[in-house]
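The values are calculated or read from the model by the stated rules, or taken from the named source; none is laboratory data. All values reported here derive from a predicted model rather than from experimental measurement. Glycine also receives a Cβ, built like all others from the backbone with ideal geometry; neighbour counts cover every protein chain displayed. Remember, those area values only see protein heavy atoms, side chains included, never the ligands or the DNA or RNA. Shrake-Rupley method; radii C 1.70, N 1.55, O 1.52, S 1.80 Å.
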Amino acid sequence: MTADKSIAAERARDRYLHLVANGWQATLEHYKPEVVKPQKPAMIGEWAESVKATADFRPSTFTNYLQSLRQIAAEISDIGDQPAVDENGAPKRDRQRRIIYLSRFDYRAGGRKAWIAKVDAQPLSVLSAAAVQRWRIEYVAKAGKAQDARRRAENSAASLIRCARSLFSAKARKYAASELVLPNPLPFAGVELPKKGNTTYQSKINAAELIEHAQAELTGEPLKIFYLGILCGLRKREIDLLIWSQVDFGKGVIRIERTEYFQPKSEDSSGEIDLEAELLPLLQEWKTQASGAFVIESTRKPKHQNSRTNYRCEPHFKTLYIWLRKKGITARKPLHELRKELGAILASTQGIFAAQSVLRHAQISTTAAYYTDKKKRITAGLGSLLEKTVKS
């Protein structure tokens, strides 16, 4: 306080101008730091809820990211099955006075809910680079010494980290960071993942023979799914929720775009796919027989808003998978193998950029690294000189 009115007026003016320019929080921190309580970094659950409400991730994508985040955080903090509690909140015990634990996988008895509550109460600071790196090394070590098992574990750990840290991407932080405090540095910042091994698709498919067999042996919806996979390179969800309004018969294309049932994997996943001339009359025939809006018929209703992935055409997919495996396609995702095969054929016959366009990859490096395999022999033609050498 001061008795000098002019000094008091100057101070009041300075504080007012600081408030207008910087807001209440900054003004309090500048002039009254003793009354400003330090803000603690958000808890995992708080952050997840804020991102879910503001980032507009597809529900199934957000669920995948959050499951990965919770798994890593739980294993870092050694959070396992939680004790069952009575009405007073005390742990329940069996006849031998041992604490009764509920499985963290048990949805019905409340074990899953208790485990999630415990994990969500952890501060984001547990996800430091050092902690995540220790977790990754321990995760791989659990796979044993067999090289194949270690490679799979390394890939799994890397996938979990990539998914989990997506909840701290620029898209996730855009609005959520204005409501909650994030640790500095951000969770997963500085975590280095090992370089991926050779991920190039190795073709084991004779597309011409496979199509010939499909025409002779498949019927109905499994055959339609097969065609959309091998000829158009559509992803499983794109096929499952494809509606007739996405098929432009006049232009001869299928448009992968947002509909009332479907949200593309990313903006880059949207686009037009040129249809084979021979496929157009088949599509026109299917449409005349259609009972509703969807290209693939199913008695199941779409559950596209669910947090977990559900497919309305799952029975048809299973039928096709069984058939594809009988034809020697043993990949974990046999339908996606058809998409890769199409990419390999396009890359060999029309170039890598043509393959990128049809597969709708954001980066050409993705097409080159994962989905292409040479379908033609590549030689310089110098072998013809050997004939002259032999003759001479």
Environment charge of Thr219, counting only residues whose C-beta is closer than 14 Å and scoring Lys/Arg +1, Asp/Glu -1
-3
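With every protein chain left in place, what is the accessible area per residue of the chain in square angstrom, probe 1.4 Å?
Details: 24130 Å² over 392 residues.
Accessible surface, normalised per residue, equals 62 Å².
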Taking a 1.4 Å probe, which of Tyr311, Tyr227 shows the most accessible area, and what order do the others take after it?
Tyr311, Tyr227
Could you check the simple spin-label distance between Ala369 and Arg325, using points 7 Å along Cα→Cβ, in nm with one decimal?
3.0 nm
Using a 1.4 angstrom probe on heavy atoms only, work out the carbon and sulfur share of the accessible area of the chain in %.
51 percent
Of the listed pairs Lys236/Lys265; Lys145/Lys340; Lys171/Lys301; Lys52/Lys301; Lys118/Lys145; Lys236/Lys340, those with alpha carbons more than 22 Å apart are Lys145/Lys340; Lys171/Lys301; Lys52/Lys301; Lys118/Lys145
In whole Å and largest first, what semi-axes does the C-alpha gyration tensor of region 198-337 yield when each eigenvalue is scaled by 5 and square-rooted?
22, 19, 17
Roughly speaking, what is the stretch gain from Ser159 to His336, that is 0.36 nm per residue apart minus the C-alpha to C-alpha distance, in nm to one decimal?
61.9 nm
Taking the Cα centre of each part, how many Å lie between region 271-293 and region 82-111?
56 Å
Based on DSSP loop calls and a cut-off of at most 16 other Cβ atoms within 10 Å, the longest stretch of the chain free of exposed GluC sites (Glu not before Pro) is what?
298-392
Using R₀ = 41 Å, calculate the FRET efficiency as 1/(1 + (r/R₀)^6) where r is the Cβ-Cβ separation of Ile137 and Ser269; round to 0.05.
0.75
Cα extents of the chain along the three principal axes, largest first, in whole Å?
109, 71, 63
I'd like the FRET efficiency for Lys171 and Arg95, computed as 1/(1 + (r/R0)^6) with the beta carbon distance as r and R0 of 30 Å, rounded to 0.05.
0.05
What does the helix-only formula give at 222 nm for the chain: each DSSP H stretch with n ≥ 4 adding -39500 (n - 2.57), the total divided by the residues, and the result rounded to the nearest 500 deg cm²/dmol?
-15000 deg cm²/dmol
What is the chain's relative contact order, in percent, from Cα pairs under 8 angstrom and six or more apart in sequence?
15 percent
In Å², nearest 10: area of Ser156 left accessible to a 1.4 Å probe:
50 Å²
